[in-house]
Amino acid sequence: MTQRFNIEQEVPQAYKAMYALVASLNHISITPIQKELIKIRASQINSCSFCINMHTKEALKIGETEQRIFLISAWRETDLFTEEEKAILALTEEVTLIHQQGLSDSTYQLLGKFFSKQTIAEMIIAIVLINSWNRIAVSSRLPLGE
């Protein structure tokens with residue numbers, strides 16, 4: 001596939017704003033692996049090869065296992081993920097697929113067992129952000145990185 005355009009070159013101010021949002025999420029109160037789980041799962045749902053490639057590599061660098069990465073899309077059928085991680089993955093799916101049902105009460109209540117309202121809000125912003133990056137990468141046909 002040939003890249004259609006470079007979003008950074010075409011709309012540099014918007015691109016800078018996206019990176020400002022990335023920077024604002026650098027210190028959210030979930031673990032680096034939990035952040036990568038969000039990015040990988042949303043990218044899988046959105047079929048964003050660029051982002052899946054980038055974030056699986058990043059997850060491996062910070063200590064995630066290959067087996068867990070392989071099984072993220074089947075997280076409900078395995079005991080490899082903690083209940084906290086399963087709540088994060090459910091949130092990721094429901095926000096990414098917002099048109100299906102939105103964030104369900106059951107998922108929100110489950111999240112409340114593990115996270116503060118602020119942390120839930122931070123995770124929602126993180127999910128919105130990776131969904132935005134997915135849409136940019138897929139629409140522009142961003143090629144896989146090295």
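Assorted remarks:
- Scan of the stretch 96-130 for residues that are without any contact (Cβ under 8 Å) to a residue 40 or more places away in the chain and among the β-branched types (Val, Ile, Thr), ordered by number: Ile98, Thr107, Ile120, Ile124, Val128
- Scanning the stretch 91-138 for residues that are surrounded by fewer than 12 Cβ atoms within 10 Å (Cβ to Cβ) and either at pLDDT 95 or above or of a type in the set (Phe, Trp, Tyr) (or both) gives His99, Gln100, Asp105, Ser106, Gln109, Lys113, Ser116, Lys117, Gln118.
- Qualifying residue in the stretch 14-32 (condition: modelled with pLDDT under 95, in contact with a helix residue (DSSP H, G or I) (Cβ under 7 Å, 6 or more places away or on another chain), not hydrophobic (A, V, I, L, M, F, W, C) and not in a loop (DSSP other than H, G, I, E, B)): yes
- Residue tally, condition free of Cβ contacts under 8 Å to residues at least 40 places away in the same chain and of a type in the set (Phe, Trp, Tyr), over the stretch 26-80: 2
- Tally of residues being buried (at least 23 other Cβ atoms within 10 Å of the Cβ) and either of a type in the set (Lys, Arg) or at pLDDT below 95 (or both) across the stretch 38-57: 2
- The stretch 87-146: number of residues that are in contact with a helix residue (DSSP H, G or I) (Cβ under 8 Å, 6 or more places away or on another chain) and not in a helix (DSSP H, G or I): 11
The values are calculated or read from the model by the stated rules, or taken from the named source; none is laboratory data. The structure displayed is predicted, hence computed values, not measured ones. Because the Cβ atoms are built from the backbone with ideal geometry, glycine has one as well, and the counts that use them run over all protein chains shown.
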